[in-house]
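Chemist: Okay, handing you the structure first.
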Amino acid sequence: MKPTLSSLLQRFLGTVALALVTSAGAREQMAFKFNFGGPTAPGVISISTTNIYSDAIGYGFEPGGRVLAADGGITGTNAFYFSVRLPEGNYRVTVTLGSADGPSTTTLKAELRRLMLYHVQTAPGRFVTRSCIVNVRTPEIAGDGAVRLKPREKTSERWDWDDQLTLEFNDTRPCVHSLAIARVDVPTVFILGDSTVCDQPVEPWDSWGQMLPVFFKPEIAIANYAESGETIADSLARNRFKKVFSLMKPGDYLFIQFGHNDMKSKRPDALEQYKADYKKVIAETRAKGGTPVLVTSMERKAGVKHPTLEGYPEAVRQVAKEEDCPLIDLNRMSVVFYRALGTNLDKAFVDGTHHDNYGSYELAKCVVEGIQQDRLPLAKHVVDDFKGFNPAHPDPVDTFYMPVSPKYSMVKPPGN
C-alpha cells in the first residue's frame, strides 16, 4: 500500500524525536507529545490503533492489548500498553484522559506495574489532565561497569531495565486522549531491598515499593532498585548500590529495607556484618548529599502471633540510633495492621511472606505515614488527599479495588 502523506509525516516526526535521544546535549530538553485518535498540531505525533511499537519508530502500543478508537481518544477492552524509547532519567508524564462517547475510568501504571494514577474517572464528554513522574533506568553505570542482573531481570522484569518508558492504561474503561513526556530534574527517592519491596512483574504479587509513587505529587521520582531474593550484601555485590550512588545528587533519598533473606545466613558474624553493611551505605549516601532512611522489614504472616525475623528489625533500629538516621518502623506497624485485619489476614497475602495489591497498598500507606511522622522534608511532596494512616484502622478489605494487570503467575518470587 502506498504510504499516505500523513503516515510519512508521522514517521518523519518520530525520526526527529528519536534523533534527539541520541544527542547528549539535547537530552535535558527532550520532550514528546502524542495525540491519540484526533487531529494534531505541529510537533505533535498522531497515534492510531495501528501504531504498534517497533525499534525503527521508537514508540507505539505493545503487542497483545486490544485498543479501540473512541470519540476523542483511544480505549481498550482490557489493559493496554504504550511505550516510548528514552534515555535513562526522570520524566514528567502528563496524560489527558476521557472520551466524548462515554464515561471513562483509568488507572495508570508504569514500567513494572508501578502505581502512578489511581481510578481517575471522567463523565461523558469530559476530559481531565493529570501528571506523574516516572523513572527510567538501564543497567549501565556511567564509565564503570553495570548492574549484574539476574536472568529474570532480562525476561519477565526487562521493562524495569530497558530503554523504554512503558505505560499501562487499565481499569473498567481506560481512555487516553493525549500524552506528553518531558525529562525533568526532580529529587529522587531510591529504594533498595528484597521481594517485599521490589517491582513485582506479575499478578497477584505486589510490594509497597511499587505502590509508593501514587502517594506523591509530580515533584518526586521513585526509583525502585530492590530485587527479589537479595540480602544487603547481595545488592552490594551486584552493583545495585553502586548504580544508585552513581546517580545520586544532593537532595535525593535512599530508602533501605533488608532482613527477610539476611536472617537465613549461618555465619556466626552475620548480624554484625549486616549492621556494618548498613553503616557503609549510610555513609556513602551522606557523602553524596543524600538522606538515608532505614525501614525495618514488615513481618511475615506468622508474625501476627510471634516474631519471625529474629534480631534483624532490632538491629536496624540500633543502626538508626547509632547513626542518627531516620527510621520507619514498618515491622511494628505491620504487626498492628495484621492484627487489625483479624479473620481477613489472608486477604493481604499471596503466601506467608509476599503481599497482594491490598496488602502492599496498605503497607505503602504505613511508609508514607512514617515519612510524615519523621518530619522528613520529603513529606511536603505527599499528595494532599493523604490524611494520615493508622495501621490499627486499615482500609476495609472487602471494598478495596485495584484493577489487575494482564500478566499472572503463581510462581513464587525468590526469597521468603
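The values are calculated or read from the model by the stated rules, or taken from the named source; none is laboratory data. Bear in mind that the values here come from a model prediction, so they are computed numbers and not experimental data. Note that each Cβ is placed from the backbone with ideal geometry, even for glycine, and that neighbours are counted across all protein chains shown.
Chemist: Got a sec? Which of Thr231, Thr296, Thr291 is surrounded by 22 or more Cβ atoms within 10 Å (Cβ to Cβ), polar (S, T, N, Q) and out of contact with any Lys or Arg (no Cβ under 8 Å at 6 or more places or on another chain)?
Modeler: Thr231
Chemist: Consider region 295-307. How many of its residues are charged (D, E, K, R), in contact (Cβ under 8 Å) with a residue 12 or more places away in the chain and either outside the structural domain of Trp208 (by TED's automatic domain parsing) or outside any helix (DSSP H, G or I) (or both)?
Modeler: Total meeting the criteria: 2.
Chemist: Looking only at residues in region 274-294 that are assigned to a helix (DSSP H, G or I) and hydroxyl-bearing (Ser, Thr, Tyr), which one is farthest from Pro187 (Cα to Cα)?
Modeler: If we take residues in region 274-294 being assigned to a helix (DSSP H, G or I) and hydroxyl-bearing (Ser, Thr, Tyr), then Tyr274 is farthest from Pro187 (Cα to Cα).
Chemist: Still on this structure: Test Asp160 against the stated conditions and say whether it is among the acidic types (Asp, Glu) and either assigned by TED's automatic domain parsing to the domain that holds Val44 or under 26 Å from Phe386 (Cα atoms) (or both).
Modeler: For Asp160, the condition - among the acidic types (Asp, Glu) and either assigned by TED's automatic domain parsing to the domain that holds Val44 or under 26 Å from Phe386 (Cα atoms) (or both) - is not met.
Chemist: Considering only residues that are within 16 Å of the chain's Cα centre (by Cα) and hydrophobic (A, V, I, L, M, F, W, C), look in region 331-372 and name the one that is nearest to Ile282 (Cα to Cα).
Modeler: The extreme case among them is Val367.
Chemist: Can you find even one residue in region 66-76 that is part of a loop (DSSP other than H, G, I, E, B), modelled with pLDDT of 95 or more and touching a strand residue (DSSP E or B) at 6+ places or on another chain (Cβ under 8 Å)?
Modeler: No, the conditions are met nowhere in region 66-76.
Chemist: Ok, one more. Only residues that are assigned to a loop (DSSP other than H, G, I, E, B) and under 21 Å from the mean Cα position of the chain (by Cα): list them for region 390-409, please.
Modeler: Listed by number, the residues that qualify are Phe400, Tyr401, Met402, Pro403, Val404, Ser405, Pro406, Lys407, Ser409.
Chemist: Given the conditions (1) surrounded by fewer than 21 Cβ atoms within 10 Å (Cβ to Cβ); (2) over 21 Å from Trp205 (Cβ atoms); (3) of a type in the set (A, V, I, L, M, F, W, C), which single one is not true for Val93?
Modeler: (1)
Chemist: Let me ask something else. Would you mind stating whether Asp185 is modelled with pLDDT of 95 or more and either touching a Ser or Thr at 6+ places or on another chain (Cβ under 7 Å) or crowded, with 24+ Cβ neighbours inside 10 Å (or both)?
Modeler: no
Chemist: Separate question: Of the residues Gly370, Gly359, Gly415, which is part of a loop (DSSP other than H, G, I, E, B), small (Gly, Ala, Ser) and surrounded by 18 or more Cβ atoms within 10 Å (Cβ to Cβ)?
Modeler: None of the others qualify; the one that does is Gly415.
Chemist: Can you pull out every residue in region 253-273 that is surrounded by fewer than 23 Cβ atoms within 10 Å (Cβ to Cβ), of a type in the set (D, E, K, R) and either touching a Lys or Arg at 6+ places or on another chain (Cβ under 8 Å) or not in a loop (DSSP other than H, G, I, E, B) (or both)?
Modeler: Answer for region 253-273, where residues must be surrounded by fewer than 23 Cβ atoms within 10 Å (Cβ to Cβ), of a type in the set (D, E, K, R) and either touching a Lys or Arg at 6+ places or on another chain (Cβ under 8 Å) or not in a loop (DSSP other than H, G, I, E, B) (or both): Lys264, Glu272.
Chemist: Residues that are within 14 Å of the chain's Cα centre (by Cα) and touching a residue at least 40 places away in the same chain (Cβ under 8 Å), at least 3 per element: which strands (runs of 3 or more DSSP E) completely within region 133-210 meet that?
Modeler: Once the strands (runs of 3 or more DSSP E) in region 133-210 are filtered for at least 3 residues that are within 14 Å of the chain's Cα centre (by Cα) and touching a residue at least 40 places away in the same chain (Cβ under 8 Å), what remains is 164-173, 188-193.
Chemist: Also, quick follow-up: Within region 134-155, take every residue that is out of contact with any Phe, Trp or Tyr (no Cβ under 7 Å at 6 or more places or on another chain) and buried (at least 17 other Cβ atoms within 10 Å of the Cβ) and give me the one that is farthest from Glu227 (Cα to Cα).
Modeler: Only one residue tops the list, namely Asn135.
Chemist: Return the pair list, or none, for Cβ contacts closer than 7 Å from residues in region 267-285 that are of a type in the set (A, V, I, L, M) to residues that are part of a helix (DSSP H, G or I), at least 6 apart or on different chains.
Modeler: So the pair list comes out as Leu271/Ala315; Val281/Phe241.
Chemist: Additional query: Restricting to region 55-84, count the residues that are among the polar types (S, T, N, Q), surrounded by fewer than 19 Cβ atoms within 10 Å (Cβ to Cβ) and over 22 Å from the mean Cα position of the chain (by Cα).
Modeler: Result for region 55-84: 1.
Chemist: Next up: Taking region 227-249 on its own, how many of its residues are assigned to a loop (DSSP other than H, G, I, E, B) and either within 18 Å of the chain's Cα centre (by Cα) or not β-branched (Val, Ile, Thr) (or both)?
Modeler: Qualifying residue count, region 227-249: 8.
Chemist: Sticking with this structure for a sec: Does at least one position in region 318-330 carry a residue that is in a helix (DSSP H, G or I), under 24 Å from the mean Cα position of the chain (by Cα), of a type outside the set (Lys, Arg) and modelled with pLDDT of 95 or more?
Modeler: Yes, because at least one residue in region 318-330 is in a helix (DSSP H, G or I), under 24 Å from the mean Cα position of the chain (by Cα), of a type outside the set (Lys, Arg) and modelled with pLDDT of 95 or more.
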